[in-house]
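Let me begin by presenting the structure, written as structure tokens, before commenting on it.
Values in this text are rule-based calculations from the coordinates and carry no lab data. Please read all numbers here as calculations on a predicted model, not as lab measurements. In this analysis, Cβ positions are derived from the backbone assuming ideal geometry, glycine residues included, and neighbour counts consider all displayed protein chains.
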Amino acid sequence: MGVGDRAELAAECGKLYRSIYYMQKYNEAVRDEYDIGNKDEKMPEISLGNSMWADRAIKLKPEYQKLMTDEFYASIHRVSFEEDQTWKDMAAWIKEQTKGVLEPNLEKNEDTVISLINTLYYYGGWKEPFSESDTAPGVFTTADGTEVMVDFMNKTSHIGGYRKGDGYQAAVLGTGERETMIFVLPDEGYTVDEWLESPEKLKEALGDSYETREIDWKMPKFSFGSSMDLADTLTQLGAAGMFGTQADFSAMTDNDVFVSHILQETHIGVDESGVEGAAYTMLLMEAGAAIMTPEKASMILDKPFLYGIYSDQAGWLFIGIVDNPA
């Protein structure tokens, strides 16, 4: 992760958690003090959650437990993974942390001795919402040429961020308190996958340099999720040391343990009022070893496109592809 050592990483994570928490409380206090907005309206929010679920037979080192609570703000639960209720309790914890957006049906694995769960929840209303009266059905063309009918939201942003790149165009919409949602639309003859070929190309496409333009938006409403086991992916990326008998978790426990599965589930939804996203990552361990310009731009998102949600405070929250909003 580009961090010098574990102690530095833990300290930086602690700063991030505190920053997000106190900024959320500050925004709530400002809204209450100055009576800003509709009290029944959903407030912008970023929240992170951590928990550790350890078998009662596993002896955790006190220093590790202190690190988990002091820097990662994790709740620690002593359980039996042979009991169905443990898996129900972990699913209920995920549901609570993600405001009910995710309600996983976790498959029991009796060989598990430790589970680490991380959650992310985000909600942000558009700075300038789309009008529901302007939403109309239209055709979205998928990568294989299939045409599907979906509802498109429409509006004109009189002052918006826009950039024309090599083989694509990108534009941003403000959402939440200090967040933006970036949209990258490939030009004709290009596919969205081309910007996933390297970190450099993805970083360039999701860059932060934009011109100020008037932008006509045509954006499909979409709501979907994904679920995957990241063990193979992380191994291919070079993080193979946590898997198998060579794993070293001696900072956590003297028991011989290794990572068996890393499960991740995400959900993202976009409508006229804003964007809501949620994700959880579960690690299972087993015993063993701006310049003004009059030129106008259009973002007609009627074919596969790339998006990202970026926070000035917390960095990248979500990055994804819309292949088929239907």
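Approximating the spin labels as points 7 Å out from Cα along Cα→Cβ, the SER198-to-GLU63 distance works out to 4.2 nm. Counted by Cβ distance under 13 Å from GLY207, the other residues give a net charge of -1, where Lys and Arg count +1 and Asp and Glu count -1. Bridging of LYS155 to aspartates and glutamates at a Cα separation below 14 Å is possible for GLU128, GLU132, ASP134, GLU214, ASP216, ASP271, GLU272, once same-chain residues fewer than 8 apart are set aside.
Put in order of Cβ neighbour count within 10 Å, fewest first, the listed residues THR119, THR245, THR156 become THR245, THR156, THR119.
Evaluated at q = 0.21, 0.26 Å⁻¹, a Debye calculation over the C-alpha positions of segment 212-300 (equal weights, vacuum) places log10 I(q)/I(0) at -1.01, -1.20. Cross-linked pairs LYS201/LYS303; LYS15/LYS127; LYS127/LYS218; LYS42/LYS99; LYS201/LYS296: Cα-Cα separations exceed 18 Å for LYS201/LYS303; LYS15/LYS127; LYS201/LYS296. In plain terms, the residue of VAL148, VAL172 with the fewest other Cβ atoms within 10 Å comes first and the most crowded comes last, giving VAL148, VAL172. Using the average count of surrounding beta-carbon atoms within 10 Å as a protection proxy, the listed peptides 250-256, 110-116, 237-243 rank, highest first, as 110-116, 250-256, 237-243.
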